[in-house]
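What follows is a single structure, written as structure tokens, with notes after it.
The values are calculated or read from the model by the stated rules, or taken from the named source; none is laboratory data. For clarity, every value in this text was computed on a predicted model and none was experimentally measured. Note that we place each Cβ from the backbone using ideal geometry, even for glycine, and neighbour counts take in every protein chain shown.
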Amino acid sequence: MMLLDVGNSSVKWAIESHGELISNGRFFHHAGGFSRSADRAWEGMPAPRVCAIASVAGAVMEQEITAWVEKTWHIAPCYIRVEPRAAGVTNAYRAPDMLGVDRWAGIVAAYHGSKRSVCVIDCGTAITIDVVDAAGIHQGGLIVPGIDMMRRSLAQDTAAIGPVSHETGESPPQLARDTTGCVNSGVMHMAGALIDRLTGDAAKRCDDNLEAVITGGDAGRILPVLRHPPRHDRDLVLKGVAILAREALCGT
């Protein structure tokens with residue numbers, strides 16, 4: 001089963017066989033560029049039996065993906081949709097389909113992997129935090145800007161700060177001695193403080209056996225500043241896509 005997590009600028013993919021991810025990768029796409037990128041990424045790859053997709057990239061991108069999959073692999077793709085309830089998890093949203101499908105897949109995978117109450121942190125363009133209790137009831141969540149978005153906001157809307165370069169990759173000092181360092185430390189520790197606070201509150205709300213799970217492209221950058229580092233699962237969303245695809249009878 002080919003699993004795709006399609007964002008606005010990139011595609012994460014993995015191949016699942018007998019419940020294990022045996023190959024994975026990522027490539028970037030641009031408007032009208034999925035086909036060319038897919039040709040390069042999957043050149044010579046045997047056609048999968050199932051192609052399951054979670055996409056937040058819009059209807060035009062779905063049409064391009066569908067055309068490529070049908071032409072290249074001769075199968076119809078299965079798009080994961082958000083439901084009021086699926087795979088033992090109940091969606092807390094009043095309008096369930098307004099929850100992002102990537103968040104939904106991550107929530108489902110985290111709950112299935114933990115088998116207890118769980119706090120799911122996804123660190124990407126935005127940082128999302130969701131809580132599921134031990135009975136699989138989604139308690140709700142929150143969304144805040146990601147670290148790069150916070151950094152850009154300061155650079156754009158605060159004239160005295162001006163352009164700010166990215167951090168070098170090391171955990172920033174809490175108190176920096178230049179403007180770039182202060183911004184980098186500020187946004188990183190702001191994100192870390194939020195995650196630490198919310199995971200602690202979630203444990204009190206649910207039970208002390210709650211497990212926190214972190215994923216997303218910026219998870220590795222934020223982990224060093226956390227006081228209580230969660231379990232890191234880079235493929236959380238793709239694992240959720242596999243679970244939801246199997247339940248929807250898109251594959252086995």
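For the range 161-184, the tally of residues that are at pLDDT 85 or above and surrounded by 19 or more Cβ atoms within 10 Å (Cβ to Cβ) stands at 2. For A95, are the conditions met, namely being farther than 26 Å from M188 by Cα and small (G, A, S)? The answer is yes for A95. Within the range 59-77, the only residue that satisfies the criterion of being surrounded by 15 or more Cβ atoms within 10 Å (Cβ to Cβ), out of contact with any strand residue (DSSP E or B) (no Cβ under 8 Å at 6 or more places or on another chain) and among the acidic types (D, E) is E64.
Which ones in the range 26-49 are among the hydrophobic types (A, V, I, L, M, F, W, C) and touching a strand residue (DSSP E or B) at 6+ places or on another chain (Cβ under 6 Å)? If the condition is that a residue be among the hydrophobic types (A, V, I, L, M, F, W, C) and touching a strand residue (DSSP E or B) at 6+ places or on another chain (Cβ under 6 Å), then F27, F28, A41 are the ones that fit.
Name the one entry in D130, D148, D102, D97 that is modelled with pLDDT of 95 or more, acidic (D, E) and either in a helix (DSSP H, G or I) or in the same structural domain as A47 (by TED's automatic domain parsing) (or both). Step through it out loud before you land on a result.
Details: D130 fails: either in a helix (DSSP H, G or I) or in the same structural domain as A47 (by TED's automatic domain parsing) (or both); D148 fails: modelled with pLDDT of 95 or more; D97 fails: modelled with pLDDT of 95 or more.
Being modelled with pLDDT of 95 or more, acidic (D, E) and either in a helix (DSSP H, G or I) or in the same structural domain as A47 (by TED's automatic domain parsing) (or both) holds for just one of D130, D148, D102, D97, which is D102.
Can you pull out the residues in the range 8-46 that are within 17 Å of the chain's Cα centre (by Cα) and under 18 Å from A242 (Cβ atoms)? Passing the criteria: V11, K12, W13, A14, L21, N24, G25, R26. Against the test of being under 22 Å from the mean Cα position of the chain (by Cα) and either more than 22 Å from I143 (Cβ to Cβ) or of a type in the set (S, T, N, Q) (or both), the options R246, R197 yield a single qualifying residue, R246. Scanning the range 105-119 for residues that are outside any helix (DSSP H, G or I) and surrounded by fewer than 23 Cβ atoms within 10 Å (Cβ to Cβ) turns up K115, R116.
Checking each residue in the range 204-225 for being in contact with a strand residue (DSSP E or B) (Cβ under 8 Å, 6 or more places away or on another chain), more than 20 Å from V108 (Cβ to Cβ) and hydrophobic (A, V, I, L, M, F, W, C) picks out I222, L223. Scanning the range 194-217 for residues that are out of contact with any Lys or Arg (no Cβ under 6 Å at 6 or more places or on another chain) and among the hydrophobic types (A, V, I, L, M, F, W, C) yields L194, I195, L198, A202, A203, C206, L210, A212, I214. For the range 51-68, filtered to residues that are among the hydrophobic types (A, V, I, L, M, F, W, C) and modelled with pLDDT under 95, the residue that is farthest from the chain's Cα centre (by Cα) is V60.
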